[in-house]
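In what follows, a structure is listed as structure tokens, so that the remarks can point back to it.
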Amino acid sequence: YLIHMNLDKEFLDAESTIYPCVIDPSIWATNFTNDSSSYVLQSGGVGYVNGQLSAGSFNGSGEHLSYVKPNSVDMLKWIEPNRLMSATFNVKAVSTGYSNDCTINLYDSKTNSSASEVTYSQLISSLGTLQSSTTFTALGASYSFDVTSLFRQWISYALGEGGKDPSYGFILRGATNASTPGRWFSSTSSSDTYFYLVYQEGEEIQDG
């Protein structure tokens, strides 16, 4: 990475500025790992933690739901919640599954469940407030879900300022439940699945 920083001339020339100055930008690269997400089948079993997400209806296994638990919010505490302009959860429609349109809803979760042990009935009972919806229209294309409100709550929690525990996560479900044609999403261990945050920089420290 090549970082360019434009330093304020007034700061550089000020009598109060003491040299040498340390300019210390920080970069984090955060990834989803397989144990932070899974999908479940209406036909039974516990969370399938194999690096994929799925939602909608599939022949033979009924409705699929996906459960996602962000595991990197603690590393983002330097973003003030009120300065977070937008946050999206981005995925890619992989080349398998139904080829017709499929609308997927994203709900916050009312319970903190284990991604690997959660069941279909548990996720159904955990469906909280609808956060956003996305309609998948083409295989191989990328799509995003708005999670701005959730991310502000998660960062507030990480800062000890109320909010909501990010380990509760969120649930992805077909908009018309089991009758929605299913879609597989991109592997959660690939660069196709990620959070994208847009934020404003914090207040400048004027003294001290």
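Could you list all residues from the range 21-55 that are more than 19 Å from the chain's Cα centre (by Cα) and at pLDDT 85 or above?
41, 42, 43, 44, 45, 46 - these are the residues of the range 21-55 that are more than 19 Å from the chain's Cα centre (by Cα) and at pLDDT 85 or above.
Select from the range 103-113 the residues that are surrounded by 15 or more Cβ atoms within 10 Å (Cβ to Cβ) and either among the small types (Gly, Ala, Ser) or touching a Gly at 6+ places or on another chain (Cβ under 9 Å) (or both) and list them in ascending order.
Scanning the range 103-113 gives 103, 104, 105, 107, 108, 109, 113.
Here is a list of conditions, (1) open to solvent by 40 Å² or more (accessible area, probe 1.4 Å); (2) in contact with an Asp or Glu (Cβ under 6 Å, 6 or more places away or on another chain); (3) farther than 25 Å from residue 42 by Cα, and residue 163 meets all of them except one; can you say which number that is?
So residue 163 meets the others, but not (2).
Please enumerate the residues belonging to the range 118-140 that are in contact (Cβ under 8 Å) with a residue 60 or more places away in the chain and either within 25 Å of residue 192 (Cα to Cα) or of a type in the set (Gly, Ala, Ser) (or both).
Listed by number, the residues that qualify are 118, 123.
Restricting to the range 163-185, name every residue that is within 18 Å of residue 87 (Cβ to Cβ) and not basic (Lys, Arg).
163, 165, 166, 167, 168, 169, 170, 171, 172, 185, listed by residue number.
Return the residues of the range 51-86 that are within 26 Å of residue 182 (Cβ to Cβ), in a strand (DSSP E or B) and open to solvent by less than 10 Å² (accessible area, probe 1.4 Å); say none if nothing qualifies.
Within the range 51-86, 53, 54, 55, 56, 63, 64, 65, 66, 67, 68 qualify.
Please work out which residue is farthest from residue 82 (Cα to Cα), limiting yourself to the range 141-162 and to residues that are in contact with a helix residue (DSSP H, G or I) (Cβ under 6 Å, 6 or more places away or on another chain) and touching a residue at least 12 places away in the same chain (Cβ under 8 Å).
Here the residue is 158.
In the range 150-160, which residues are open to solvent by 60 Å² or more (accessible area, probe 1.4 Å) and of a type outside the set (Lys, Arg)?
Residues satisfying the conditions are 153, 157, 159, 160.
Can residue 91 be described as among the β-branched types (Val, Ile, Thr), crowded, with 22+ Cβ neighbours inside 10 Å and within 21 Å of residue 146 (Cα to Cα)?
The answer is yes for residue 91.
Could you list, in sequence order, all residues of the range 39-50 that are more than 20 Å from residue 98 (Cα to Cα) and surrounded by 22 or more Cβ atoms within 10 Å (Cβ to Cβ)?
Scanning the range 39-50 gives a single hit, 47.
So which of 156, 109 is farther than 22 Å from residue 62 by Cα and under 17 Å from the mean Cα position of the chain (by Cα)?
Going through 156, 109 in turn, the sole match is 156.
From the set of residues in the range 139-149 that are modelled with pLDDT under 95 and open to solvent by 60 Å² or more (accessible area, probe 1.4 Å), which is nearest to residue 109 (Cα to Cα)?
142
Check 169, 182, 128, 202 and return the single one that is at pLDDT 85 or above and either open to solvent by 80 Å² or more (accessible area, probe 1.4 Å) or farther than 16 Å from residue 39 by Cα (or both).
128
The values are calculated or read from the model by the stated rules, or taken from the named source; none is laboratory data. None of the values given here were measured: they were computed from a predicted structure. Neighbour counts are summed over all protein chains in view; Cβ atoms, including those assigned to glycine, are modelled from backbone coordinates with ideal geometry. Surface accessibility is based on the protein's heavy atoms, side chains included, excluding ligands, DNA and RNA. Shrake-Rupley method; radii C 1.70, N 1.55, O 1.52, S 1.80 Å.
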